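Let me begin by presenting the structure, written as structure tokens, before commenting on it.
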Amino acid sequence: MRTRFDDHRGLADLPYFELRDGRLAIAAGIGPAIDVHTHLALAYAGGRVDLDAAHERTEHYLPVDRPLDLDVYMNRNFTAEDLRRLRRDLTLMSVTGRGMRRTHTAPNLLREMADLGIRTSVLLPIDFPVLSRNAEAFLDVAGRHPGLVSLGSVHPFARNPGERLEAQKRAGARGIKVHPAVQLVSPDCRRAHELYDLCGALGLPVLFHCGPVDIEPRLGRWLSQVKHYWRAVADHPGTTFVLGHSGALQMERALELCQRYPNVYLETSSQGLPNVRRILAEAPADRILFGSDWPFYHQATALAKVLIATEGDDAARRRALWANAARLFGIER
């Protein structure tokens with residue numbers, strides 16, 4: 001099958017998609033799916049976006065009119081100008097309600113999901129110890145929109161982490177997101193280990209951003225090295241860990257971690273098709289999860305890779321797209 005396209009709409013040439021009213025849509029008989037890696041607009045220092053506002057067009061960080069190569073790590077599809085706009089939107093604009101991020105809302109995500117047969121998306125908030133309340137905002141939105149569930153976010157250096165975790169679980173959190181590169185915390189520091197213990201006691205899986213992506217600042221790249229996650233996983237067998245992006249550019253190390261420890265899942269967002277094939281072939285079949293990293297990328301790009309890689313294996317497709325995530329996060333069909 002083709003893996004390179006003039007733009008995202010070219011995915012309609014695959015047998016899994018079609019164009020409806022100019023938008024990519026899933027073909028009949030495919031799905032359902034759970035996308036375990038999505039974000040709404042993250043806000044810091046009061047830069048709140050109306051997460052319930054509908055916009056005519058979603059401004060993905062990788063524009064849908066860009067050429068698309070499914071074989072490479074997804075951020076290799078960005079142009080230099082795309083990266084400049086992305087960085088500005090995630091930094092300067094994150095303290096405002098403006099920019100591309102104003103379109104990263106629940107209605108826009110739900111519209112894309114409906115087009116693609118994605119029944120549920122898992123929202124991933126990212127918070128600092130102060131000046132952000134993204135977990136509260138995401139959990140509130142998820143409670144009002146069927147089809148959305150949310151994890152929580154408690155920074156390892158936040159005050160009263162146990163109380164915060166319990167409050168977020170009561171509000172509906174299905175797990176906790178930890179992003180070492182953004183939160184500027186080592187996944188192997190003492191406070192992080194204390195957080196993992198608390199999560200295990202509460203039955204909350206920890207979904208990491210895991211692995212360097214080569215477009216982050218140098219410190220974030222170092223903090224995300226897969227080598228820093230080993231002791232967290234090994235020392236907390238009662239806590240379930242999801243390695244977001246499957247280790248990114250260090251996929252082989254993340255795959256080894258998943259093969260060695262039964263409390264580790266791999267999540268496929270951003271990986272190129274060859275690596276998605278390898279994950280499906282070599283990782284434990286009941287610990288592979290589908291994710292897209294929306295709104296960085298259109299959900300169809302990640303979905304296409306899993307569909308291509310599972311062609312002819314309906315059982316593997318059901319596990320990766322639905323069953324594994326439904327079991328882990330308690331999502332009913």
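We did not get these values from a lab; they are worked out from the coordinates using the rules stated. Source: prediction; values computed, not measured. Here the Cβ is made from the backbone with ideal geometry for all residues, glycine too, and neighbour counts use every protein chain on show.
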*Mind listing which trypsin sites (Lys or Arg not before Pro) in segment 80-184 are in a DSSP loop and have 10 or fewer other Cβ atoms within 10 Å?*
Arg159
_For a quick check: sort Met113, Met251 by the number of other beta carbons within 10 angstrom, fewest at the front._
Met113, Met251
*asked:* Please state the shape class of segment 13-329: rounded when a/c is under 1.5, otherwise prolate if a/b exceeds b/c and oblate if not, all from the C-alpha gyration tensor.
replied: rounded
_Rounded if a/c under 1.5, otherwise prolate or oblate - segment 1-87, Cα gyration tensor axes_ = oblate
*What is the fewest-to-most order of Trp322, Trp294 by other Cβ atoms lying within 10 Å of their Cβ?*
Trp322, Trp294
*What do you get for Rg/Rh over segment 60-114 if you use C-alpha atoms and the Kirkwood form of Rh?*
1.01
_Run the reach check for Lys169 against aspartates and glutamates, Cα to Cα strictly under 16 Å, same-chain hits fewer than 8 apart removed. What comes back?_
Asp127, Glu136, Asp140, Asp197
*Suppose every K and R has +1 on its Cβ and every D and E has -1 on its Cβ; what is the size of the dipole of the chain about the Cα centre, in Debye to the nearest 20?*
540 debye
_segment 48-134: GluC sites (Glu not before Pro) in DSSP loop, at most 15 other beta carbons within 10 Å_ = Glu56
*Can you put Cys189, Cys199 in order of Cβ neighbours within 10 angstrom, beginning with the fewest?*
Cys189, Cys199
*Using alpha-carbon positions, what is the distance between the centroids of segment 279-333 and segment 196-246, in Å?*
20 Å
*DSSP loop chymotrypsin sites (Phe, Trp or Tyr not before Pro) in segment 201-251 with at most 12 other Cβ atoms within 10 Å of their Cβ, which ones?*
none
*So between Arg144 and Arg20, what do we pick up on full extension, going 0.36 nm a residue minus the alpha carbon distance?*
41.9 nm
